[in-house]
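The values are calculated or read from the model by the stated rules, or taken from the named source; none is laboratory data. Remember, it's a predicted structure, so these values are computed and weren't measured experimentally. In this analysis, Cβ positions are derived from the backbone assuming ideal geometry, glycine residues included, and neighbour counts consider all displayed protein chains.
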Amino acid sequence: MEERIRRMNEMSDKDPRGPENLLLVGRMGRPFGVRGYGRVVIFSENPARFGGDHGKPFWVAPATPGSGRRRRLILEDTEPKGESLLLKWRGVDSPETLREISGWNIFWEGVDDWCPEDPENIRISELIGMTVRDCESHRKIGTVVDFYERPGQDLLAIDAEGKEVLCPFVEPLVPLVDRENGEVHVRWSIVGT
């Protein structure tokens, strides 16, 4: 469920260069306790990004694109809390300070080197650039050019003769992904209408 963010470098920060490609890995929730811990909603297919060695850099930015604000934060501590995960950022030591970034997206600055353990699992980002074919006629429809993560289901953005068509990435509509041939088979009679 990771999303490439292409326009992060348009946002301002102390270092205007900033990273150009970041991975959306979570969203800051509400504060927990009085020491600056906050709940996090994990979007990443690899929740271990938040574990292991602390001191990892992340970027946080408002969930509304184009706001022009972002901050680079260093992960100080994590703590499991039931089915949730609590994060503590260096320098964020009170609930009031954390409220400033509650609801902001969290982006991973590191290398995207994670692969699913099960080879049958597909990372939606792998589909970008693949040819889209109609399941019934096998004719070429277009190309997967992007994807959008949504709470209910992810959407593929298909360039079909210069027109963007969004297709829910669910098995009834996308019954086959052929990695070997770089093709995504879609029920175009339903999606393309």
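Just to be sure before I move on: is Glu171 loosely packed, with under 14 Cβ neighbours inside 10 Å and in the same structural domain as Val132 (by TED's automatic domain parsing) in the structure I sent? When the stated conditions are applied, Glu171 passes them. Looking only at residues of region 81-135 that are part of a helix (DSSP H, G or I), touching a Lys or Arg at 6+ places or on another chain (Cβ under 9 Å) and under 17 Å from Glu183 (Cβ atoms), we find that the one that is modelled with the highest pLDDT is Glu126.
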